[in-house]
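The values are calculated or read from the model by the stated rules, or taken from the named source; none is laboratory data. Keep in mind the model is a prediction, meaning the values are calculated, not measured. Backbone-built Cβ (ideal geometry, glycine too); neighbour counts: all protein chains shown. For the accessible areas, the whole protein counts, side chains as well, though only heavy atoms, and no ligand, DNA or RNA atoms are used. Shrake-Rupley method; radii C 1.70, N 1.55, O 1.52, S 1.80 Å.
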Amino acid sequence: MTLATPQPEKLEFDCDTGNYHTFCPISCVAWLYQKIEDSFFLVIGTKTCGYFLQNAMGVMIFAEPRYAMAELEESDISAQLNDYEELKRLCEQIKRDRNPSVIVFIGTCTTEIIKMDLEGLAPKLEGEIGIPIVVARANGLDYAFTQGEDTVLAAMVERCPTSDDLESPTDKAERNNFQKLLNFGRKTDTPEPTESPEYHDHPNLVIFGSVPDPIVTQMTLELKKQGIKVGGWLPAKRYTELPVLDEGDYVIGINPFLSRTATGLMRRRKCKLIGAPFPIGPDGTRAWVEKVCSVFGIEPQGLAEREAKIWESLEDYLAIVRGKSVYFMGDNLLEISLARFLVRCGMTVPEIGIPYMDKRYQAAELALLEKTCHEMGAPLPKITEKPDNYKQIQRIQEIQPDLVITGMAHANPLEARGINTKWSVEFTFAQIHGFANARDILELVTRPLRRNSSLSDLGWDKLVKEEAKV
Amino acid sequence: MKLAYWMYAGPAHIGTLRIASSFKNVHAIMHAPLGDDYFNVMRSMLERERDFTPVTTSIVDRHVLAQGSQEKVVDNIVRKDHEETPDLIVLTPTCTSSILQEDLQNFVERASLEAQCDVLLADVNHYRVNELQAADRTLQQVVQFYIEKARKKGELPSDRTEKPSVNIIGMTTLGFHNNHDRTELVKLMGDLGIEVNLVLPDKASVKQIKQLPRAWFNLVPYREVGPATATYLQEQFDQPTVDITPMGIVETARCIRTIQKVLNEQGAAVDYEAFIDEQTRFVSNAAWFSRSIDCQNLTGKKAVVFGDSTHAAAMTKILTREMGIHVVLAGTYCQYDEAWFRQQVSEYCDEVLISEDHGAIADKIATIEPAAIFGTQMERHVGKRLDIPCGVIAAPIHIQNFPVGYRPFLGYEGSNQLVDLIYNSFTLGMEDHLLEIFGGHDTKEVITKTVSADGDLNWTADAMTELNRVPGFVRGKVKRNTEKFARNHGHASIDVEVMYAAKESVGA
């Protein structure tokens, strides 16, 4: 690819028919119940929802203690039964059996359509059973896959305390538990990070987005290196440790699908949103940290060297992906960040499918994608919102990309036609944030390439008889 | 509202889609919100299907909710007709379309005018039937549609095939070991000199449906999918139904004898006794296993059986009649099939349980403490927690039910496979003797009635050391028995003395 090739100046956006497959947003329960350890998630929906969690996500059986279905039956739909009484009965049972710190009601398409007033019921119910109830509408009418997390976190934004709410110092100490997490293994008499001189004096910073605990630790340490103290994470490990949010506090997202949470933080809690590319890949991580530094007027230390070092360590993987093309069918809303990182790795991206494109919340990421493409001399990808899987598969057949990142429904059929695939959901569940985890992303990306190159001599490329119609 | 952690049978639309996508060149359109088409994932991932699943969702979003779907569903049907030229498009209702009360029949009629293919609305009430009932109903509906169509055109064949022939009805995609059962039954029919007229619906074309009346009889191996179609064909064409599941040596023989009777009545002088005898005593290893010394050690062992009606009933009979195993409890989640199930198993077990509540079964298992469980993935999970082995004999479907190797459940090879499953599910040999020494065998009284009841008893250090000397694979059972004894005798803590008293009392 030479720089002389004429290229479109701006990213091209398109919106297709929306006939595509992705997971239902209630799937967020699968990772959020693990993240928030004292929670109970109650999915209020039909057999369709329950069977999805059980058989397609395959998680229900392991989760028995901390999430369940409130299965709506015909009598519920036809309003013969009283929603309030029914939910109360279930919540009392949950309280008796599990006694969680919070019950999260996950509303579904069915509760939307029958207009079950969950937000209206919750306050009275929570008063009666004595457990907070958070209501999130993670329905497939409005949202796709990972946006389910957005609906839950947006609902939790209102439950974060202000510093006025916290009267006793023990309360405050408890909330700093995650700081202790960072200090484990050190002597207990180490001064609390609060008073530590290694931090600059800056406004409170809260990070939102659900990531596994090792990522929480890594990202908190990454900012600590710059003298920035993370005031809290939304969500925290426990519901009782939700971060303190005051007017004027700064917030920054770690996941690209949290636009409602961002809006809620700005509008309802009057927080200031730091808009940055997402910390996925060493390039994104550096940009994310730099942006926080620049907002706080701090000169970042050693970031360029750190990024360069990571890239150096990735060279074995980069040699495999360089010059190859990757096609995103669109599934989990991590597509833009992953595409930007992979372009930086030397790949080309003909098309990025994405369920929903919030151009404001993802503005910095889109700008970095554009910049990266220009710098790498790669053509700008076409971004297709609400894609049409049928048309995409035809385009894939035509352009024969080296790798397709796709939802689970299409992976095996594409492999059978000799096209390398990787499940997009693996990026949802893997630890992909931060400097060190760039390696894990490339491990995932290169696995089909490495596997299939080891099979290539066997002549097993096409495992369907005629080129079946798609 | 029902608090549910687990469900044994899926929602109705899964049943309809299993039928539609089993046929060749049939497409299904779902009227549903984003994400409800996870059937595609199940088929592609669990069954490792190479082709794209022929199911497309016409998405219901906020916009459709506000304005009605108007042209969207019709457009999607017509579009799919152009793109894929299927023989049939099945419009599949979902829980969402049911409560939206959209007139799907009207969509179907409008789409039929434009589309080249046939268009059919699956007639299932999403809130009243489950996956299995919906599958049975949809298959019957598709068959009726094409029989009536052929009748109108005067294309129905009026004669039976020259030689004895059979339709095998009920083989579907995402069915429990259906792909291997199909192969085994086709082979069995071949051995009996019976031509297979049609296997339905798996890999069949809807164009072949009008040939169904040519068969001499219909074989319906599963209770869950197929009976409605067989009943319809019997009414329409006086075609006899054989609905004995050929699972296990005894039932396979009974099935073959019934087939013989059906054929004899139609004038074919077949006699399968010699074949049955040869298979039973010399070809299949299952009958020999029952007589072998290994199986002797299974005599009187306790088992719990739970699954769909077909597999749970058949398994109960095999364990009791062919292995001499004591089935304490036989149960099914097919509540709608209770009468049949009770009638089938009552004489072979102590207790019958009909329930969709996995907790009820788990509690029963904890109370009974069987030596092995034969159940679904859920019972396997319960067994793991209680340290009781479990052989999986029924859906809900799991990727493990699509082994790459050949593992039928039906016919003579199925009987061999079942012997292996049963034998490997029990503790064996030396392990068994150790259990005996430490009182691992069945005790009379039980306190721990639920799975979740946790130990509230203290073990002294000595007792703990002693317990740790017990071999690992029986330790759990010894611990439970000792705790039961301690509770019964009012010991607050367990020391070595209590432990050995427990052992003695078990022996007594």
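Listed values, structure above:
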item: Coil-residue trypsin sites (Lys or Arg not before Pro) of the stretch A:232-307, DSSP, other Cβ within 10 Å capped at 15; result: A:R268, A:K270
item: Sparse-neighbourhood loop sites, trypsin sites (Lys or Arg not before Pro) in the stretch B:128-208 - DSSP loop, at most 11 other Cβ within 10 angstrom; result: B:K153
item: Backbone HN-Hα couplings from phi across the stretch B:353-370 [Karplus 6.51/-1.76/1.60, Hz, Gly and Pro as x]; result: 10, 10, 7, 9, 9, 5, x, 5, 6, 4, 5, 4, 4, 4, 6, 6, 6, x
item: Gain on full stretching of the segment that runs from A:K382 to A:R98 - 0.36 nm per residue minus C-alpha separation; result: 97.4 nm
item: Mean residue ellipticity (222 nm) of chain B, computed from DSSP H runs ≥ 4 via -39,500 (n - 2.57), nearest 500; result: -13500 deg cm²/dmol
item: Total formal charge among the other residues, if their Cβ is under 13 angstrom from that of B:V55, Lys/Arg +1 and Asp/Glu -1; result: -2
item: Cα gyration tensor of the stretch A:349-470 - equivalent ellipsoid semi-axes, whole Å, descending; result: 27, 19, 14
item: Reachable lysines from A:K47, criterion Cα separation under 22 angstrom, eight or more residues apart if same chain; result: A:K88, A:K115, B:K2
item: Sites B:D87 and A:K115 - FRET efficiency at Förster radius 35 Å, r taken between beta-carbons, to 0.05; result: 0.30
item: B:V242 long-range amide H proximity, modeled H, under 5 Å; result: B:N218, B:L219, B:V220
item: 26 Å Cα-Cα threshold exceeded, pairs from A:K225/A:K272; A:K229/A:K272; A:K35/A:K386; result: A:K35/A:K386
item: The stretch B:93-188: GluC sites (Glu not before Pro) falling in loop per DSSP and having at most 14 other Cβ within 10 Å; result: B:E155, B:E162
item: A:A308-A:T162 FRET efficiency (beta carbon distance; Förster radius 35 Å; 0.05 resolution); result: 0.25
item: Threshold 20 Å², the stretch B:99-130 residues less accessible with all protein chains present than alone (1.4 Å probe); result: B:I99, B:Y127, B:R128
item: Shielded residues, the stretch B:39-77 - accessible-area loss of 30 Å² or more between chain alone and all protein chains, probe 1.4 Å; result: B:V41, B:M42, B:S44, B:M45, B:R50, B:D51, B:F52, B:I59, B:R62, B:L65
item: Cα centroid of the stretch B:474-508 to Cα centroid of the stretch A:359-377, whole Å; result: 68 Å
item: Amide H within-cut-off set for A:T421, under 5 Å, with H built and near neighbours excluded; result: A:V404
item: Under 17 Å from B:K317, Cα to Cα: lysines that are on another chain or at least 8 residues apart; result: B:K301, B:K302
item: Protein heavy-atom accessible area occluded, A/B pair - total, 1.4 Å probe, Å²; result: 5500 Å²
item: For chain B, diffusion coefficient by Stokes-Einstein and Kirkwood Rh (Cα), 20 °C, 1.002 mPa s, µm²/s; result: 85 µm²/s
item: Whichever lysines have a C-alpha closer than 17 Å to that of A:K10, once near sequence neighbours (fewer than 8 apart) are set aside; result: A:K359, A:K371, A:K382
item: Given charges at beta-carbon only (K, R positive; D, E negative), |dipole| of the stretch A:281-345 in Debye; result: 120 debye
item: Alpha-carbon centroids, the stretch B:1-76 and the stretch A:82-155: separation in whole Å; result: 25 Å
item: Relative contact order computed over the stretch A:211-290 (Cα-Cα under 8 Å; 6+ residues apart), in percent; result: 21 percent
item: Inter-label distance, nm, simple model (7 Å from Cα along the C-beta direction), B:S292/B:R321; result: 2.2 nm
item: Pair A:E37, B:W340: separation of 7 Å Cα→Cβ label points (nm); result: 5.0 nm
item: Calculated from backbone phi, Karplus (6.51, -1.76, 1.60) coupling profile of the stretch A:114-131 in Hz, x at Gly/Pro; result: 7, 6, 6, 8, 5, 5, x, 6, 4, x, 5, 5, 5, x, 6, 8, x, 10
item: Within the accessible area of the protein assembly as shown (1.4 Å probe), percent carbon and sulfur; result: 49 percent
item: Mean Cα-pair separation over length for chain A, i.e. relative contact order, pairs under 8 Å, 6 or more apart, %; result: 17 percent
item: Long-range lysine pairs (8 or more apart or interchain), the stretch B:147-269, Cα under 27 Å; result: 21
item: Exposed-site-free run, longest, chain A (rule: chymotrypsin sites (Phe, Trp or Tyr not before Pro); DSSP loop; at most 14 other C-beta within 10 Å); result: A:185-459
item: Shielding by partners, peptide A:41-54 (average Cβ within 10 angstrom, other chains); result: 6
item: Positions from the stretch A:377-407 whose accessible area shrinks by 30 Å² or more when the full protein complex is built, not the chain alone, probe 1.4 Å; result: A:Y390
item: Exposure rule at most 11 other beta-carbon atoms within 10 Å, DSSP loop GluC sites (Glu not before Pro): chain A longest free segment; result: A:248-465
item: Rounded FRET efficiency, nearest 0.05, which uses the C-beta distance separating B:H398 from A:K465 and R0 of 25 Å; result: 0.30
item: Unit Cα scatterers, Debye sum, the stretch B:132-288: log10 I(q)/I(0) for q = 0.20 Å⁻¹; result: -1.32
item: Full-extension gain in nm, B:E504 to B:N468, via 0.36 nm per residue minus C-alpha separation; result: 11.1 nm
item: Estimated [θ] at 222 nm from DSSP helical runs (n ≥ 4, -39500 (n - 2.57)) normalised by residues in chain A, nearest 500; result: -12000 deg cm²/dmol
item: Normalised alpha carbon radius of gyration of the protein assembly as shown [divisor 2.2 N^0.38 Å]; result: 1.03
item: Residue list for the stretch B:375-406, given a label point 7 angstrom along the Cα-to-Cβ vector of B:K187 and an amide N cut-off under 16 Å; result: B:403-406
item: From phi via Karplus (6.51, -1.76, 1.60), per-residue ³J(HN,Hα) for the stretch B:23-38 in Hz, x at Gly/Pro; result: 5, 7, 6, 10, 10, 10, 10, 9, 9, 7, x, 4, x, 6, 8, 5
